[in-house]
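First comes the structure, then the notes that go with it.
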Amino acid sequence: LDGYASFAIGFPHYFRGQFEAAANEWRNAAEKLDISADYWVAANSIRCEGLARGQMGQFEEADRCLQKSIAQFRSRGDTNSLGYALRNLSIAYMRIGQYDQVYALCREALSISSRMGDQWSIVRALERLGVADALGRGDHEHAAVILGSTEFIREDLGSPLAPGEIDDYRQALEKLQQELAASRLRELWETGRSMSIDQVAAFALDESGET
């Protein structure tokens, strides 16, 4: 297959949870495409391979691919693709329990997505922040507001969780249920659901985390 076909074929594999097959297609695409001739597809093939390898816990390979793509996006001023790559790299760090790195990457990704008004990307970055809060940083109330908001926004957008996001999300919810009284969790969750996407993005980026 040519590079463009491999790039396209990787996505259905990924969304079926077939991460190895997706990674192989995207590597094939990256190897066949000339980054100087078709920068966007070639660089995003590298990014997507890193995403798939991060989902499989192959941190070194994921980091290599994603750092390479991040450098390309920064050099080209491609902020949209940069936001995706930062969020993808956060998944690799999530798999090795480096939650402070997850948080830093997703804050930058959220800032980019908020400036661009990309609601789909805002939700993805918010969820990563909420999961990092719940599982690693111990800020359970902050996480409850953020994840309550993303539940509502996803319902409004008709955007389900991707296969690679479901386990992290469920673990975060279980952690919140363990750490917070049921009444307090409901209160915080409803607070999040009542916020606009701009309000919750501002809340997530506010280090004070006041509710």
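Some observations on this one:
- Selection status of Gly3, over 15 Å from the mean Cα position of the chain (by Cα) and modelled with pLDDT under 95: yes
- If the condition is being over 16 Å from the mean Cα position of the chain (by Cα), surrounded by 14 or more Cβ atoms within 10 Å (Cβ to Cβ) and in a helix (DSSP H, G or I), then region 193-211 contributes Arg193, Ile197, Val200, Phe203.
- Checking region 143-166 against the condition returns no match, with no residue being touching a helix residue (DSSP H, G or I) at 6+ places or on another chain (Cβ under 9 Å) and on the phi > 0 side of the Ramachandran plot.
- Matching residues in region 14-59 - criterion: being among the hydroxyl-bearing types (Ser, Thr, Tyr) and open to solvent by 10 Å² or more (accessible area, probe 1.4 Å): Tyr14, Ser36, Tyr39
Residues checked against (1) among the polar types (S, T, N, Q); (2) farther than 26 Å from Gln55 by Cβ; (3) not in a helix (DSSP H, G or I):
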residue: Leu129; (1), (2), (3): no, no, no
residue: Ala144; (1), (2), (3): no, no, no
residue: Leu161; (1), (2), (3): no, no, yes
residue: Arg170; (1), (2), (3): no, no, no
residue: Leu188; (1), (2), (3): no, yes, no
residue: Thr191; (1), (2), (3): yes, yes, no
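- Selected residue (criterion: nearest to Phe73 (Cα to Cα)) from residues of region 87-123 that are of a type in the set (D, E, K, R) and either in contact (Cβ under 8 Å) with a residue 40 or more places away in the chain or surrounded by 24 or more Cβ atoms within 10 Å (Cβ to Cβ) (or both): Arg87
- Residues satisfying the stated conditions in region 96-115, i.e. aliphatic (A, V, I, L, M) and within 15 Å of Leu66 (Cα to Cα): Val102, Leu105, Ala109
- Criterion: open to solvent by 40 Å² or more (accessible area, probe 1.4 Å), polar (S, T, N, Q) and touching a residue at least 12 places away in the same chain (Cβ under 8 Å) - qualifying residue of Gln177, Gln171: Gln171
- Any hit, region 44-53, residues being without any contact (Cβ under 8 Å) to a residue 40 or more places away in the chain and touching an Asp or Glu at 6+ places or on another chain (Cβ under 7 Å): yes
- Only a single item in (1) assigned to a helix (DSSP H, G or I); (2) within 15 Å of Ser6 (Cβ to Cβ) is not met by Gly54, and it is number (2).
- A search for C-beta distances below 7 Å between a residue of region 9-30 that is of a type in the set (Lys, Arg) and any residue that is buried (at least 20 other Cβ atoms within 10 Å of the Cβ), counting only pairs 6+ apart in sequence or on different chains, returns Arg27/Glu49.
- Looking across Ala22, Ala52, Ala8, one residue alone is in contact with a Gly (Cβ under 7 Å, 6 or more places away or on another chain) and on the phi < 0 side of the Ramachandran plot. It is Ala22.
The values are calculated or read from the model by the stated rules, or taken from the named source; none is laboratory data. Because the structure is predicted, anything quoted here is derived from the model rather than measured. Counting neighbours? That spans all protein chains shown, and the Cβs are built from the backbone with ideal geometry, glycine included. Surface accessibility is based on the protein's heavy atoms, side chains included, excluding ligands, DNA and RNA. Shrake-Rupley method; radii C 1.70, N 1.55, O 1.52, S 1.80 Å.
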